[in-house]
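Participant: Dropping the structure in here first, questions after.
Taken together, the values in this text are just the output of simple stated rules run on the coordinates, not laboratory data. These figures come from a predicted structure and were not determined experimentally. For neighbour counting, all protein chains shown are included, and Cβ atoms are generated from backbone atoms with ideal geometry for every residue, glycine included.
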Amino acid sequence: MPASKSLRVCSLTHKLVRYLPSVELQTLLEQHRKEGTVGDTLLVLQHAPVFTVGKRGSAQDFHTDPEELRRTGFEIYSVPRGGETTYHGPGQLVAYPIINLRQLGLGARAFVEGLEDAMVQAAGCFGIEARGRVPGKTGVWVGERKIGAVGVRISHGISSHGVALNVTTDLSHYRHIVPCGTPDKEVTSVQRELQQAGTYFEAGGEGGDAAKDDALLQDTAPNLLKEAEQHMVRCIAGVYGYTDVQDIVEEQLLPTTAR
Amino acid sequence: MALRRFAVQFGLRAQAPVADLAASWGRAFATVLPELKYAKSHEWAKPQGDVAVVGISDHAQGELGDVVYVELPEVGATVTKGETFGVVESVKAASDVYSPISGEVVEINQALVDEPAKVNSSPYEDRWMIKVKLSNTNSFSLLLLLLLLLQVNSSPYEDGWMIKVKLSNSGELGDLLDSSAYEAHCQH
């Protein structure tokens with residue numbers, strides 16, 4: 001009988017989280033997890049618009065001058081995670097598992113494959129056929145279009161940073177960068193895939209009114225994100241065999257003495 | 001891991017069970033060299049006089065996946081047992097590597113930084129990371145005897161290191177796992 005495995009899930013998707021505070025939070029959680037004062041934790045959130053540059057990223061990844069991007073309201077940060085440069089922003093579901101991989105007996109590859117599997121399954125819940133585990137192309141793909149990105153850090157056996165699934169993300173922001181070091185690949189989102197498949201809207205049958213569709217899109221976008229969140233959390237918990245998933249609020253993330 | 005690469009190359013990856021079998025085969029037969037000392041975090045140390053050569057094990061490179069980036073310390077830097085001395089990236093995961101012993105870095109394996117895939121390609125051969133200078137050599141003579149008894153062919157190792165460290169406390173070598181204890185640890 002497998003031992004019970006518990007995952008705390010903290011949803012912060014109701015607001016836009018600025019990047020730096022999220023890194024600080026992860027650092028604290030990572031430290032506490034290492035010391036054993038908190039259990040495995042999954043943060044789920046949306047970021048305010050930001051470009052992040054991983055260990056292998058560089059200024060070369062930017063098509064638009066970073067200073068100009070900052071002037072127009074994007075933040076840009078270098079981060080100690082794997083991968084190159086990517087975009088995070090509203091409509092994109094970000095999940096940061098701060099979990100003890102040594103305790104789970106997972107090496108880096110197995111952990112990342114699990115994250116990709118979870119995103120593939122979550123996309124599958126929308127009827128989208130995605131794939132991960134593509135040699136040399138970490139991430140989750142629908143055909144040749146990238147729908148989910150991965151960039152993690154493993155320190156003392158504890159994971160941080162994680163994944164980003166485009167749900168209703170404004171994909172135009174990706175034009176400012178070479179996303180994840182793949183200059184010739186498109187990015188996509190759950191919303192875009194559903195639109196292109198023509199399955200996004202109820203078969204009202206009458207061919208559709210573009211303006212009405214857009215209005216409906218705006219109305220349903222938050223629901224789409226919420227739905228994606230539910231799928232992602234369930235799929236992440238599932239791939240790593242968590243038997244017990246506990247929803248917690250922000251105030252419960254850190255031990256009381258730390259606050 | 002050679003079998004896994006074979007599977008990948010010939011598109012067998014799409015047939016998950018076959019690729020998984022190949023990967024499992026590779027992992028089941030991960031090389032553990034008897035003449036090295038091992039840390040539970042999968043780094044190895046090989047004494048060479050008052051210097052220890054450090055790298056990551058075959059088991060470690062298999063668990064990481066294809067390495068695309070290696071970050072090593074500067075020569076002259078101090079490394080401490082159990083603390084991070086560098087970073088290795090694979091599959092978009094940046095993983096810390098930990099020094100099994102303490103001391104001063106006297107040499108780094110630039111070939112790994114230039115060609116990160118060498119971390120995967122040859123067990124121990126080109127995979128040393130750092131050389132660390134030992135500060136006292138009490139444990140050394142016993143290890144030297146062991147090495148001579150085992151008639152180590154040193155050349156496959158010589159190329160497989162990450163850093164060379166001048167040891168500040170060679171007693172730390174005694175805290176590390178020998179090859180059979182390390183093999184048992186990997187079976188967990």
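Participant: Given +1 on the Cβ of Lys and Arg, -1 on the Cβ of Asp and Glu, and no further charges, what dipole in debye does chain A carry about its Cα centre, rounded to the nearest 20?
Facilitator: Taking the Cα centre of chain A as origin, the dipole is about 1020 debye.
Participant: If each residue's Cβ is checked for other Cβ atoms within 10 Å, how do B:66, A:247 rank with the fewest at the top?
Facilitator: Working: B:66 21, A:247 10.
Fewest-to-most Cβ neighbours within 10 Å comes out as A:247, B:66.
Participant: Compute the Cα gyration tensor for segment A:53-98, then decide on rounded, prolate or oblate, letting a ≥ b ≥ c be the square roots of its eigenvalues: rounded whenever a/c is under 1.5, prolate when a/b is larger than b/c in the other cases, and oblate in all that remain. Provide the component values of the computation, followed by the final result.
Facilitator: Numbers: a/c = 2.39, a/b = 1.27, b/c = 1.88.
It is oblate, given that a/c is not under 1.5 and a/b is not larger than b/c.
Participant: Report ³J(HN,Hα) in whole Hz for each residue of segment B:94-103, in order, from the Karplus equation J = 6.51 cos²θ - 1.76 cosθ + 1.60 where θ = phi - 60°; Gly and Pro get x.
Facilitator: Working through the residues one at a time gives 8, 10, 5, 10, 10, 7, x, 9, 9, x Hz.
Participant: What order do you get for B:55-65, B:71-81, B:35-45 when each peptide is scored by the mean count of other beta carbon atoms within 10 Å, highest first? Numbers along the way, then the final one.
Facilitator: On the way: B:55-65: 25.5, B:71-81: 16.4, B:35-45: 23.5.
Put in order of decreasing packing, that is B:55-65, B:35-45, B:71-81.
Participant: Sorting B:92, A:146 on the 10 Å Cβ count, fewest up front, what's the list? Intermediate values should be presented prior to the final figure.
Facilitator: Numbers: B:92 29, A:146 23.
If I rank by nearby Cβ atoms, fewest first, I get A:146, B:92.
Participant: Taking every residue in B:59-69, how many Cβ atoms of other protein chains lie within 10 Å of its Cβ, on average?
Facilitator: 4
Participant: A follow-up question, please. Inside 10 Å of the C-beta atoms of A:135-142, what's the mean count of C-beta atoms belonging to other chains?
Facilitator: Values: counts 11, 4, 2, 7, 2, 0, 0, 0.
Going residue by residue through A:135-142 and averaging, the value is 3.
Participant: When you count, for each residue, the other Cβ atoms within 10 Å and take the mean per peptide, how do A:69-76, A:238-245, A:132-139, A:152-159 rank with the highest first?
Facilitator: Numbers: A:69-76: 14.0, A:238-245: 15.6, A:132-139: 19.0, A:152-159: 22.9.
The peptides rank, most packed first, as A:152-159, A:132-139, A:238-245, A:69-76.
Participant: Nearest-5 percent of antiparallel DSSP beta bridges in chain A? Can you show the working numbers first?
Facilitator: On the way: 27 of 44 bridges.
Antiparallel bridges: around 60 percent, rounded to the nearest 5.
Participant: Could I ask something else about it? For chain A, report the % of Cα-Cα distances exceeding 33 Å. Show your work: numbers first, answer last.
Facilitator: On the way: 6078 of 33411 pairs.
Distances greater than 33 Å cover 18 percent of the Cα pairs.
Participant: Taking every residue in B:94-106, how many Cβ atoms of other protein chains lie within 10 Å of its Cβ, on average?
Facilitator: Details: counts 16, 11, 7, 0, 3, 0, 0, 0, 0, 0, 0, 0, 0.
Averaged over the peptide's residues, the number is 3.
Participant: In deg cm²/dmol, rounded to 500, what helix-only [θ] at 222 nm does chain A give when every DSSP H run of at least 4 residues adds -39500 (n - 2.57) and the total is split over its residues? Intermediate values should be presented prior to the final figure.
Facilitator: On the way: 6 runs with 82 residues, N = 259.
Theoretical 222 nm ellipticity from helices: -10000 deg cm²/dmol.
Participant: Taking H placed 1.01 Å from N in the peptide plane, check which residues at least 5 places from residue A:152 or on another chain put their amide H under 5 Å from its amide H.
Facilitator: Placed amide hydrogens put A:82, B:93, B:94 under 5 Å from residue A:152.
Participant: Sort A:28-40, A:9-21 by packing, meaning the average of other beta carbons within 10 Å per residue, with the highest value first.
Facilitator: Values: A:28-40: 17.8, A:9-21: 15.3.
Answer by packing, highest mean first, reads A:28-40, A:9-21.
Participant: Count the DSSP beta bridges whose two residues both fall in segment A:10-138, then state the antiparallel fraction as a percent rounded to the nearest 5. Let's see the in-between values first.
Facilitator: Values: 9 of 17 bridges.
The answer is about 55 percent antiparallel.
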